[in-house]
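K.L.:
For reference, the structure I am asking about is given below.
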Amino acid sequence: MTIRTIKLQALACGIAATLALSSCTLIDSLLVKELPLAKDGKTDYVIITVNNTPKDMWNARFLAWFLKEKTGAEFPVVTADKADPSKPAIRIGAAKKSMLKGMKDLDHVVRNRGRDILLYGKGYDADFYAIMDFLDNEFGFRCYWDFPKIEKQPAIVLKPMNRKMVYAFKWRQQQGTFPDYLRGENGYFPSRNALDAMKKKGPAATEKFSLAVPAGAYPEIKPQQIQVNLCHTEFGYIPCGKEDYKGYEFVENQDYSKTNPEFFGMNKAGVRSPQTYHLCFSNKDMRREFTKNIEKHLAFLGTDAVEICVHYTDDSGKACYCKDCEALEKKYGTPGGPLFDYILELSKEFKEKHPQTTIMTLLYREIQTQFPPTVESGWKFPDNVRFCYAGISFKTNRKISHPDNKKAYEDLKRWSALSDRIFTWIYHAHYGAMIHLPYAADYILVDYIREAHMLGLEGIFYEFATYSAFPSDEKNNTGLAPRNFAMLDKYIFYRFTKNPDLDYETEVADYMSKVYGPAAKFAKQYHDELQKACTADNPYPMILSGSNFKKELAYLSPDNLYRWEKLCDEMEKSLGESHPDIMGKVRLLRKPLDTAVYGRWFECAKKYPDYFSDPAIIRKRIGEPSTHPFATGLKSFLTTADLAIQYGGKGKPLPESFAGIPEDNIRRLVPVNGAQGASYADPKQKFFEDPEAAFGYAISIDRPDHPFTFGFYQTDLKQHGARAKLTEADYEPGKYKIFKLGEIQPTPDSTVWFSSRSWCTAVSTGDLYDLKDTNQKWDVWVSLKFPKDYTGQPGSVILCDQVIFVKKN
């Protein structure tokens with residue numbers, strides 16, 4: 001064989017491969033070298049909607065709006081039957097069924113045919129995905145932080161294109177984070193709208209694009225299937241009469257506890273009551289009523305193309321202890337047996353009566369539904385049942401396959417074999433103090449996405465708070481601003497749920513460059529060091545929150561805080577006066593760091609006195625929390641730190657009875673009045689400056705009772721511990737007196753509480769839980785001041801200035 005023959009064969013193979021890949025003609029592939037799109041505000045192109053539906057017209061108008069913003073040229077939108085064949089076109093939608101051959105749901109294509117540009121896909125929103133991929137790759141239109149700026153470009157010549165995209169997950173959603181139709185990465189549950197959107201019969205337009213949407217366009221867009229509720233719905237359909245669990249408006253009976261107490265779960269004592277916070281799903285009459293109310297919901301919506309959730313309330317307790325429920329638990333080999341049995345019954349009935357309806361439930365909590373049922377090999381749930389695996393026990397700063405997550409991960413893998421319709425709920429540490437302290441764990445998110453893709457899961461829901469407690473508008477002090485690297489988390493989520501094979505380091509570096517500009521080097525260094533400290537170097541696993549600077553938050557050490565503050569100095573220095581927008585992002589990034597410094601002021605100032613010389617400087621940079629209701633936690637944190645700094649952080653000496661106990665064995669904590677988080681409460685009214693108090697201030701007991709009670713409770717185990725009761729004979733009005741509670745054994749989620757009527761004033765003893773000695777016990781004393789002649793009078797102020805813990809050997 002000659003070299004010439006080999007070359008000709010290679011050329012022939014190349015041409016064949018090109019034809020097979022693109023379905024283009026030979027002349028398209030070899031002769032079209034560039035696509036002149038627009039020049040000097042003019043274009044020859046028109047946009048053609050192949051399928052003339054309202055949604056297709058919306059897609060076309062959006063593309064025309066973007067191209068005009070980008071080029072200054074008008075791109076007429078026409079239907080296929082009115083198009084001029086002599087003009088080049090951007091065609092939205094597949095003109096022939098053969099174009100979709102071999103494609104799966106949501107697959108989409110971006111390619112040219114001669115000068116024509118074809119954007120199409122298979123499935124409800126796939127044409128729009130093709131449009132967004134076109135804008136991303138050809139124009140760099142990508143949401144790094146917010147809706148991207150569109151910079152004018154007088155002349156645009158595109159290269160030939162030929163791409164087919166296959167999304168890794170069908171469903172991609174974040175909690176309340178820009179879930180609108182115009183998300184740059186278009187990552188939300190496609191084809192689904194919440195109930196309020198359904199009443200408008202279509203998704204709401206963003207303000208950024210509202211002028212581009214012609215009046216009346218949105219009401220015509222109907223979703224393929226709507227998702228009307230996400231979780232915790234049982235009392236929505238069978239209301240219990242409690243204010244916190246109101247039923248849906250279409251349910252006539254708003255208190256079944258009065259008419260049908262047998263519908264409710266039974267506690268260990270054999271009593272049925274809504275106080276158990278659950279329903280009895282083995283009760284056949286309750287099931288029929290539940291089903292009837294779901295059908296009322298479908299009638300209310302005017303369609304059965306709906307996903308309905310059937311699930312327990314968000315309470316950690318076991319649903320019911322009755323013999324019928326326990327028999328179903330035994331039958332299925334899981335505490336969720338009664339609920340799964342009802343869902344199977346409902347799915348069979350709805351398969352005939354409401355074939356467009358999907359039934360969804362959460363796989364949530366070990367005592368409820370996390371454990372999969374024991375079934376025959378190869379058996380699967382019906383395809384009109386969909387599951388959300390909400391692994392609330394996953395440690396958020398550990399990879400999904402880490403030994404700390406082994407049990408929850410194994411359960412997820414077993415579930416993936418029982419249904420083809422599973423999506424997973426990823427949690428992020430953002431509750432409590434974590435919403436306003438430095439934290440990063442986005443590579444954990446990427447690992448979770450990749451593992452979920454390997455298991456073949458249908459989708460992912462990401463619960464994390466993009467917002468912080470810092471105001472988005474410093475002038476008006478309202479709204480909530482992005483916190484830490486939350487916008488990176490959001491960006492990473494959308495990118496990797498589309499394509500888990502992206503290179504993580506490349507994506508992060510690209511984000512840093514686009515968002516932080518000249519400060520990107522220092523921002524990435526801060527991000528990388530913070531993330532490593534939170535995750536790989538942190539010996540303490542986190543679930544949803546952290547509060548102890550000496551344990552799970554020990555990564556916020558004086559050394560780290562000092563180094564990261566210096567990095568922030570470098571960021572600001574690199575920006576100077578020429579990048580005000582980026583400077584705002586850097587200063588926002590610094591606020592959680594400053595908050596951590598303020599909370600550990602004495603330790604930081606002791607270690608680095610020259611740098612941390614004035615707490616007022618740090619406090620000024622933090623600013624005031626947002627007036628948004630979500631900001632109450634930061635208000636409490638700052639008020640506590642203010643008082644600690646004001647009074648020097650050192651308590652008065654303990655009584656002589658504590659003499660001789662090593663200092664390392666004593667912890668003195670001031671409680672928090674949780675009522676300050678309520679909308680009616682002013683946090684400062686719960687703090688009392690008092691020179692007689694151990695640290696110069698005390699906390700009021702919310703709704704004190706008489707006899708006065710306080711005690712210990714392990715929330716995670718639902719077990720009571722030591723408890724004390726005081727009467728008039730014990731009180732010494734007008735002075736602080738120390739009362740012994742007794743011995744406790746802290747667990748990760750445990751509390752010393754005050755007043756049986758409230759428990760809102762409490763001390764978290766999870767801070768005392770030691771991973772190295774999980775059986776460690778402590779003796780506890782509380783210091784209280786009662787008013788004169790206290791006998792439980794309304795409005796009485798009882799103060800606690802400290803709770804003293806002494807470690808037992």
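K.L.:
For residues in region 714-727 being in a strand (DSSP E or B) and either of a type in the set (Asp, Glu) or surrounded by 14 or more Cβ atoms within 10 Å (Cβ to Cβ) (or both), which is modelled with the lowest pLDDT?
P.N.:
The qualifying residue modelled with the lowest pLDDT is 714.
K.L.:
Answer with yes or no whether residue 325 is touching a Cys at 6+ places or on another chain (Cβ under 7 Å) and in a loop (DSSP other than H, G, I, E, B). Walk me through it before giving the result.
P.N.:
On the way: touching a Cys at 6+ places or on another chain (Cβ under 7 Å): yes; in a loop (DSSP other than H, G, I, E, B): no.
The answer is no for residue 325.
K.L.:
Could you list, in sequence order, the residues of region 102-158 that are surrounded by fewer than 21 Cβ atoms within 10 Å (Cβ to Cβ), in contact with a strand residue (DSSP E or B) (Cβ under 6 Å, 6 or more places away or on another chain) and not charged (D, E, K, R)?
P.N.:
Passing the criteria: 155, 156, 157, 158.
K.L.:
Moving on. Here is a list of conditions, (1) in contact (Cβ under 8 Å) with a residue 12 or more places away in the chain; (2) outside any loop (DSSP other than H, G, I, E, B); (3) within 35 Å of the chain's Cα centre (by Cα), and residue 739 meets all of them except one; can you say which number that is?
P.N.:
(3)
K.L.:
Can you find a residue that is open to solvent by 10 Å² or more (accessible area, probe 1.4 Å), of a type outside the set (Gly, Ala, Ser) and under 28 Å from residue 492 (Cα atoms) anywhere in region 82-101? Full working, then the answer.
P.N.:
Residues of region 82-101 open to solvent by 10 Å² or more (accessible area, probe 1.4 Å): 82-88, 91, 94-101.
Next cut, of a type outside the set (Gly, Ala, Ser) only: 82, 84-85, 87-88, 91, 96-97, 99-101.
After this cut, where a residue has to be under 28 Å from residue 492 (Cα atoms) as well, the list is none.
No, region 82-101 contains no residue that is open to solvent by 10 Å² or more (accessible area, probe 1.4 Å), of a type outside the set (Gly, Ala, Ser) and under 28 Å from residue 492 (Cα atoms).
K.L.:
OK, next. Is there a residue in region 581-597 that is under 26 Å from residue 522 (Cα atoms) and outside any helix (DSSP H, G or I)?
P.N.:
We begin by selecting, within region 581-597, every residue under 26 Å from residue 522 (Cα atoms); these are 581-597.
After this cut, where a residue has to be outside any helix (DSSP H, G or I) as well, the list is none.
Looking through region 581-597, none of the residues is under 26 Å from residue 522 (Cα atoms) and outside any helix (DSSP H, G or I).
K.L.:
Among the residues of region 250-266, is any surrounded by 15 or more Cβ atoms within 10 Å (Cβ to Cβ), at pLDDT 50 or above, outside any loop (DSSP other than H, G, I, E, B) and under 20 Å from the mean Cα position of the chain (by Cα)?
P.N.:
no
K.L.:
For region 492-504, indicate whether the set of residues that are out of contact with any strand residue (DSSP E or B) (no Cβ under 8 Å at 6 or more places or on another chain), surrounded by fewer than 17 Cβ atoms within 10 Å (Cβ to Cβ), without any contact (Cβ under 8 Å) to a residue 40 or more places away in the chain and not aliphatic (A, V, I, L, M) is non-empty.
P.N.:
yes
K.L.:
Here is a check on your reading of the model: is residue 730 open to solvent by 10 Å² or more (accessible area, probe 1.4 Å), more than 27 Å from residue 640 (Cα to Cα), in contact with a Pro (Cβ under 9 Å, 6 or more places away or on another chain) and outside any strand (DSSP E or B)?
P.N.:
On the way: open to solvent by 10 Å² or more (accessible area, probe 1.4 Å): yes; more than 27 Å from residue 640 (Cα to Cα): yes; in contact with a Pro (Cβ under 9 Å, 6 or more places away or on another chain): yes; outside any strand (DSSP E or B): yes.
Considered against the rule, which asks whether it is open to solvent by 10 Å² or more (accessible area, probe 1.4 Å), more than 27 Å from residue 640 (Cα to Cα), in contact with a Pro (Cβ under 9 Å, 6 or more places away or on another chain) and outside any strand (DSSP E or B), residue 730 comes out as yes.
K.L.:
Report yes if some residue within region 441-448 is in a strand (DSSP E or B), open to solvent by less than 10 Å² (accessible area, probe 1.4 Å) and touching a residue at least 40 places away in the same chain (Cβ under 8 Å); otherwise report no.
P.N.:
Restricting attention to region 441-448, the residues satisfying the condition of being in a strand (DSSP E or B) are none.
For region 441-448, residues in a strand (DSSP E or B), open to solvent by less than 10 Å² (accessible area, probe 1.4 Å) and touching a residue at least 40 places away in the same chain (Cβ under 8 Å): absent.
K.L.:
Continuing with this model, one more query. For residues that are more than 16 Å from residue 363 (Cβ to Cβ) and within 33 Å of the chain's Cα centre (by Cα), tally how many sit in region 329-343. Show your work before the answer.
P.N.:
Of the residues in region 329-343, the ones more than 16 Å from residue 363 (Cβ to Cβ) are 330-331.
Next, only the ones that are within 33 Å of the chain's Cα centre (by Cα) stay: none.
Result for region 329-343: 0.
K.L.:
While we're looking at this one, here's another question. Open to solvent by 50 Å² or more (accessible area, probe 1.4 Å) and either more than 17 Å from residue 42 (Cβ to Cβ) or part of a helix (DSSP H, G or I) (or both), is that true of residue 68? Quick ask: steps written out before the conclusion?
P.N.:
Numbers: open to solvent by 50 Å² or more (accessible area, probe 1.4 Å): yes; either more than 17 Å from residue 42 (Cβ to Cβ) or part of a helix (DSSP H, G or I) (or both): yes.
Answer is yes for this residue.
K.L.:
Being of a type in the set (S, T, N, Q) and touching a residue at least 12 places away in the same chain (Cβ under 8 Å) is the filter; apply it to region 775-803 and report the residue that is most open to solvent (accessible area, probe 1.4 Å). Quick ask: steps written out before the conclusion?
P.N.:
We begin by selecting, within region 775-803, every residue of a type in the set (S, T, N, Q); these are 775-776, 783, 791, 793, 796, 802.
Still in the list and also touching a residue at least 12 places away in the same chain (Cβ under 8 Å): 775-776, 783, 791, 796, 802.
Details: 775: 101, 776: 26, 783: 4, 791: 68, 796: 24, 802: 12 Å².
Among residues in region 775-803 that are of a type in the set (S, T, N, Q) and touching a residue at least 12 places away in the same chain (Cβ under 8 Å), the one most open to solvent (accessible area, probe 1.4 Å) is 775.
K.L.:
Search region 474-491 for residues being touching a residue at least 12 places away in the same chain (Cβ under 8 Å) and assigned to a loop (DSSP other than H, G, I, E, B), and hand back the single one that is most open to solvent (accessible area, probe 1.4 Å). Steps first, answer last, please.
P.N.:
Applying the first criterion (touching a residue at least 12 places away in the same chain (Cβ under 8 Å)) to region 474-491 yields 474, 477-491.
If we keep only those that are assigned to a loop (DSSP other than H, G, I, E, B) too, we end up with 474, 477, 479-481, 483-485.
Working: 474: 110, 477: 37, 479: 26, 480: 38, 481: 5, 483: 6, 484: 14, 485: 7 Å².
Here the residue is 474.
K.L.:
Going by the conditions given, is residue 318 open to solvent by 30 Å² or more (accessible area, probe 1.4 Å) and modelled with pLDDT of 95 or more?
P.N.:
Working: open to solvent by 30 Å² or more (accessible area, probe 1.4 Å): yes; modelled with pLDDT of 95 or more: no.
The answer is no for residue 318.
K.L.:
So in region 609-648, with the set limited to residues that are touching a residue at least 60 places away in the same chain (Cβ under 8 Å) and assigned to a loop (DSSP other than H, G, I, E, B), which one is surrounded by the fewest Cβ atoms within 10 Å (Cβ to Cβ)?
P.N.:
The residue in question is 627.
K.L.:
Now, a different point. In region 250-271, how many are in contact (Cβ under 8 Å) with a residue 24 or more places away in the chain and closer than 21 Å to residue 291 by Cβ?
P.N.:
From region 250-271, those in contact (Cβ under 8 Å) with a residue 24 or more places away in the chain are 250-251, 256, 260, 262-268, 270; that's our starting set.
Those still in the list that are closer than 21 Å to residue 291 by Cβ too: 250-251, 256, 260, 262-265.
The total comes to 8.
K.L.:
Select from region 733-766 the residues that are touching a strand residue (DSSP E or B) at 6+ places or on another chain (Cβ under 7 Å), among the hydroxyl-bearing types (Ser, Thr, Tyr) and open to solvent by less than 50 Å² (accessible area, probe 1.4 Å) and write down the one among them that is nearest to residue 699 (Cα to Cα).
P.N.:
Ranking the candidates gives 761 first.
The values are calculated or read from the model by the stated rules, or taken from the named source; none is laboratory data. All values derive from a computational prediction rather than experimental measurement. Cβ coordinates were reconstructed from backbone atoms using ideal geometry, including for glycine residues, and neighbour counts include every protein chain displayed. Side chains included, ligands, DNA and RNA excluded: accessible areas come from the protein's heavy atoms. Shrake-Rupley method; radii C 1.70, N 1.55, O 1.52, S 1.80 Å.
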